[in-house]
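Worksheet for the structure shown next.
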Amino acid sequence: MGFTIEVNGTTRSADVDSDTPLLWVLRDILGMTGTKFGCGAALCGACTVHVDGVATRSCITPVDSIGSAQVTTIEAVGKTDVGAKIQKAWLEHEVVQCGYCQSGQIMSAAALLASNPRPTDADIDDAMSGNICRCGTYIRIREAIKLAAQSNVSGG
């Protein structure tokens, strides 16, 4: 069955079954490999993308549920103000270790700051829960989110 979805501002087509997870459409059909497969059960966060700005686990999101929603992946999040600030803060705090989980971490953090420009520690914990980093860079992730939030508020 043919589906047309809006990904990173571009209309894309995929001839897949209606229950095909968005993750596999992005990776296998559209060749956008920045979104990672981790657990396949929405438990690790590696597959996080934005669907109309909401952090969404693409491994359990069937393509037929997307409809006219806008999908944003790691490949384009840096084109948004918040995404660019998150990516800059990630580099400044040297968050990445192995890097596998980082696209999902960045997507969750960007969704948080887009909806809440001044998150508390509890807000950060809530938004980032379910994003697993096997390298344990959680402290650097939190500090990077705080830095991006400060530059988000100050405009820097």
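The values are calculated or read from the model by the stated rules, or taken from the named source; none is laboratory data. Model, not experiment: these values are computed from the prediction. Glycine gets a Cβ as well: all are built from the backbone with ideal geometry, and neighbour counts include every protein chain shown.
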Qualifying residue in segment 75-85 (condition: touching a strand residue (DSSP E or B) at 6+ places or on another chain (Cβ under 6 Å) and of a type in the set (Gly, Ala, Ser)): no
Selection count, segment 2-40, where residues are in a loop (DSSP other than H, G, I, E, B) and within 13 Å of Gln70 (Cα to Cα): 2
Test result for Ala55, of a type in the set (A, V, I, L, M, F, W, C) and either more than 22 Å from Gly2 (Cβ to Cβ) or in contact with a Gly (Cβ under 7 Å, 6 or more places away or on another chain) (or both): yes
Any hit, segment 1-16, residues being more than 15 Å from the chain's Cα centre (by Cα), surrounded by fewer than 17 Cβ atoms within 10 Å (Cβ to Cβ), of a type in the set (Gly, Ala, Ser) and within 19 Å of Ala110 (Cβ to Cβ): yes
Residues located in segment 106-136, provided they are under 17 Å from the mean Cα position of the chain (by Cα) and among the polar types (S, T, N, Q): Ser108, Ser115, Asn116, Ser129, Asn131
All strands (runs of 3 or more DSSP E) inside segment 43-154 with 1 or more residues being surrounded by fewer than 21 Cβ atoms within 10 Å (Cβ to Cβ) and among the basic types (Lys, Arg): none
Residue list for segment 43-84, restricted to those being in contact with a helix residue (DSSP H, G or I) (Cβ under 9 Å, 6 or more places away or on another chain), charged (D, E, K, R) and closer than 13 Å to Ala111 by Cβ: Arg57
Any chance Gln102 is outside the structural domain of Glu6 (by TED's automatic domain parsing) and either within 13 Å of Gln150 (Cα to Cα) or modelled with pLDDT of 95 or more (or both): yes
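Give the residue, chosen from Arg12, Arg27, that is basic (Lys, Arg) and without any contact (Cβ under 8 Å) to a residue 12 or more places away in the chain.
Arg27
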